[in-house]
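Here's the structure, in structure tokens; my notes come after.
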Amino acid sequence: MGDMWNAPGDDTPRGPSALPGGDPQALSDPMSATNAVIADVKDNLVPYLLCGLSFVTVFTLVTSACVAVPFVGILPGVIAEDELLLALGSVFGFVAYMLMLLAAIVIVYPLMAASTLRGIDQQLRGGPRLGLMSPVNDMFSGAGRVVALYALGTLLTLVGMLFFYVPGLIVAVLMMFAMPMVVLEGAGPIEAMKRGWGHMLEHPSWHLPVWLLMFIGSAAMQLTIVGILFVYPVMLAYHLVAYRIAFGDPGPGGGVTV
């Protein structure tokens, strides 16, 4: 079913985008993924912006809630002018803040990203275009695998950053390919990372520039709200296209089971 908040003209019949999939020639060109994504963004600028607007809305709401919780925690102590109640409220507010932040990082955003990846996959196949509801239309398909992947990836990245950053950066590269495998193929998190690692060892000259472009995009996304609005959906498309180039096209649905 299409997104009721899609851009005008979404019901117009379209052919699938011409994307390389498991093409050895594409693996010899580090810009192949970038060029394919640029072409798709040019054809679907409004759908990408609508999808990004959804991420900005959720990001703003979650951030506002996280910031508000500590103040709500201390409010009873302030009103009652009770130091013990104020101290307990501060602890409660901090713990609640950390739990909400962790839930957003490991659960909410990954599930929205997974839903968006499925939407981008359909769009690239000539199906319904992205829309405002794309990040939430299909959030819960394979939710356990997606959350497990992000929890594992976040843990490994944090641990890796303690060892001169390099291991953490490697995990970030593996996550780039693991996410589409888990979402579209139904692969397990460890299996997906192993396959990404093996491909990276076989084609390092392709992976390095692809990762550098991803890193630049990720940095731009973190700088401004505008970055989240536009860059994040495009980054997910970049992940998907790079995955297709590296591992081939799994086909519609990829045989995923919920």
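Miscellaneous remarks
- Filter result for the condition that a residue is modelled with pLDDT under 85 and over 30 Å from Val91 (Cβ atoms), over Ala36, Ala18: Ala18
- Those residues of the stretch 157-206 which are under 23 Å from Ser32 (Cβ atoms) and of a type in the set (Phe, Trp, Tyr), in sequence order: Phe177, Trp197, Trp206
- Among the residues of the stretch 89-110, those identified as out of contact with any helix residue (DSSP H, G or I) (no Cβ under 6 Å at 6 or more places or on another chain), under 19 Å from His239 (Cβ atoms) and not aromatic (Phe, Trp, Tyr) are Ile105, Val108.
- When restricted to residues that are touching a Leu at 6+ places or on another chain (Cβ under 8 Å) and surrounded by 14 or more Cβ atoms within 10 Å (Cβ to Cβ), the stretch 69-105 contains 4.
- In the stretch 149-174, the residues that are modelled with pLDDT under 80 form Cβ pairs under 6 Å with partners that are among the polar types (S, T, N, Q), at six or more places apart or across chains, as follows: Gly168/Thr157; Val171/Thr157.
- In summary, helices (runs of 4 or more DSSP H) completely within the stretch 92-193 and bearing 1 or more residues that are closer than 30 Å to Leu75 by Cβ occur at 109-124.
- Annotation: Asp138 fulfils all but one of (1) more than 16 Å from Ala237 (Cα to Cα); (2) surrounded by fewer than 16 Cβ atoms within 10 Å (Cβ to Cβ); the unmet one is (2).
The values are calculated or read from the model by the stated rules, or taken from the named source; none is laboratory data. Here the structure is a predicted model, which means the values were calculated and not measured. Positions of Cβ are generated from backbone atoms using ideal geometry, with glycine treated the same way; all protein chains shown enter the neighbour counts.
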